[in-house]
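Contents: one structure, followed by commentary.
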Amino acid sequence: MTDKPVVLVTRKLPDAVEKKLAQDFTPVLNPDDRLYDTEELLQLAENADAILPCHTERFSAETIARLPARVKAIANFSVGVDHVDLEAARQKQVIVTNTPDVLSDATAEIAMLLMLGAARRASEGERIMRNQQWKDWSPAFMVGRQITGKRLGILGMGRVGQVVAARARGFDMTIHYHNRKPLDASQAAGAEYHDSVEGLLAAIDVLSIHCPASDATRGLLNRERLALMHPDSILVNTSRGAVVDDDALVNALISGVIAAAGLDVYNGEPDAIHPGYRELDNVFLLPHIGSATVETRDAMGFRAIDNLIAIFKGEQPGDRVA
Ligand code: 8YV
């Protein structure tokens, strides 16, 4: 019993996940869901064999270098791993895993919600209703755009991007995408490949961002690239805020370079997002809830546990990223 590996769980996870974790590990839980600062995290890690964090905990090269030698693994409760310096983890031989696949459906739902919300002015409509400002109806009232039959551009046609493509086909959208390399025909399922981001942006009506944040993608959607989009086009982001240059997007939305945006992720989230977004009617804003469903949050936790079980059996975990 006492020699079960100790797992430091940084945030409050679903009850079913915490219960399952206790079958094979000694969990150190955070029932009040307090956000630990780095010093506190490092202190708690002194007694841990592994850490099960969320994207809210940063593991910079410096933090990883200071992790006690006892910590063998960082088994993330997230698919994105931009909060972990993977190279530093490799150097220190700390295994890092993530939770792919299980959040693709939930995130694709939010991408569709953002598309529809931005296209049909859902945010404005909601505000009008809640503020009792609905005084009249006219043929010109709250006229938005349709997504049906439009050209959807997917930037990063990985697991989530492919599910979004499948859902969007239900709206008769034609699918375009950019990846470093084209997918094989069965995965592309008829989607048109563009070998440059610029080529993709010029060919579409709706852009959905699904590439991870990295040095290669930081600020990718900048002023010059946004200017390539059609003035009627819509941008949605369920990936990471870092892929977008906020000043450029806010200006594009104000000046009509693009028509609307739907955002679930932000630079500076949760409390230091670009203030310009809040002022605009043509953005539909959600607070990073891509994977926030009961089903998915359980599945993410179980997947992280499977990775930990493999690691402590001395096996290769299914979702190793470093
Ligand atoms: C998660 C996410 O909620 O998994 C990811 O990468 O962005 C989110 O959907 C979050 O990261 C949990 O740590």
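Name the residue farthest towards the positive end of the dipole of the stretch 179-272 from the options His194, Asn251, Leu220, assuming +1 on Cβ of Lys and Arg, -1 on Cβ of Asp and Glu, about the Cα centre.
Toward the positive end, the furthest listed residue is His194.
Which one of Leu280, Gly149, Thr107 has its Cα pushed farthest toward the positive end of the charge dipole of the stretch 104-285, where Lys and Arg give +1 and Asp and Glu give -1 at the Cβ?
Gly149
Want the number for Arg66 to Glu87: 0.36 nm per residue separation, take away the alpha-carbon distance, what's left? Write out the running numbers ahead of the final one.
Values: separation 21, 0.36 × 21 = 7.56 nm, distance 1.45 nm.
In short, 6.1 nm is gained.
What's the FRET efficiency of Lys135 with Ala292 using the Cβ-Cβ distance as r and R₀ = 45 Å, to the nearest 0.05? Walk me through the numbers on the way to the answer.
Numbers: r = 35 Å, r/R0 = 0.77.
Plugging the Cβ-Cβ distance into 1/(1 + (r/R0)^6) gives 0.85.
Please grab the % of Cα pairs in the chain that end up more than 27 Å from each other. Could you put the intermediate results ahead of the total?
Working: 24817 of 51681 pairs.
Tail of the P(r) past 27 Å holds 48 percent of the pairs.
Run the dipole for the stretch 104-285 about the Cα centre, Lys and Arg Cβ at +1, Asp and Glu Cβ at -1, nothing else charged, and hand back the magnitude in debye, nearest 20.
300
Protein chains only, probe 1.4 Å: how do Glu126, Glu109 rank by accessible area, largest first?
Result, largest first: Glu109, Glu126.
Determine the share of the chain's accessible area contributed by carbon and sulfur atoms, expressed in whole percent, with a 1.4 angstrom probe.
Ligands and nucleic acids excluded, carbon and sulfur give 51 percent.
Using only alpha carbons, build the gyration tensor for the stretch 104-285 and give me the equivalent ellipsoid semi-axes, biggest first, whole Å.
Taking √(5λ) for each eigenvalue gives 26, 19, 15 Å, largest first.
Determine the distance separating the Cα centre of the stretch 249-318 from the Cα centre of the stretch 113-141; give it in Å without decimals.
Spelled out, the Cα-based centre of one part sits 24 Å from the other.
Which helices, counted as full DSSP H runs in the chain, have an axial Cα extent of no less than 18 Å and a Kyte-Doolittle average of 0.5 or above? Intermediate values should be presented prior to the final figure.
Working: long enough: 104-119 (22 Å, 1.24); 294-312 (27 Å, 0.54).
Span-like helices here: 104-119, 294-312.
Counting other Cβ atoms within 10 Å of each Cβ, which chymotrypsin sites (Phe, Trp or Tyr not before Pro) in the stretch 56-144 have at most 13 and sit in a DSSP loop?
Trp134, Trp137, Phe141
Report the net charge of residues surrounding Leu42, where surrounding means a beta-carbon distance below 13 angstrom and charges are Lys +1, Arg +1, Asp -1, Glu -1.
Its environment carries a net charge of -3.
Going by a ≥ b ≥ c, the root eigenvalues of the Cα gyration tensor, does the stretch 72-191 fall in the rounded group (a/c under 1.5), the prolate group (a/b larger than b/c) or the oblate group? Each step should come with its number before you reach the end.
Values: a/c = 3.68, a/b = 1.72, b/c = 2.15.
Oblate shape, in that a/c is at least 1.5 and b/c is the bigger or equal ratio.
Compare Ala261, Ala73, Ala185 in a GNM of the chain, Cα atoms joined below 10 Å, and give the one with the largest fluctuation.
Most flexible of the set in this elastic network: Ala185.
In percent, what relative contact order does the chain have, based on Cα pairs under 8 Å that are 6 or more apart in sequence?
Rounded, it is 18 percent for the chain.
The values are calculated or read from the model by the stated rules, or taken from the named source; none is laboratory data. Just so you know, these numbers come straight off a predicted model, no measurement behind them. Here the Cβ is made from the backbone with ideal geometry for all residues, glycine too, and neighbour counts use every protein chain on show. Heavy atoms of the whole protein, side chains included, go into the accessibility calculation; ligands, DNA and RNA do not. Shrake-Rupley method; radii C 1.70, N 1.55, O 1.52, S 1.80 Å.
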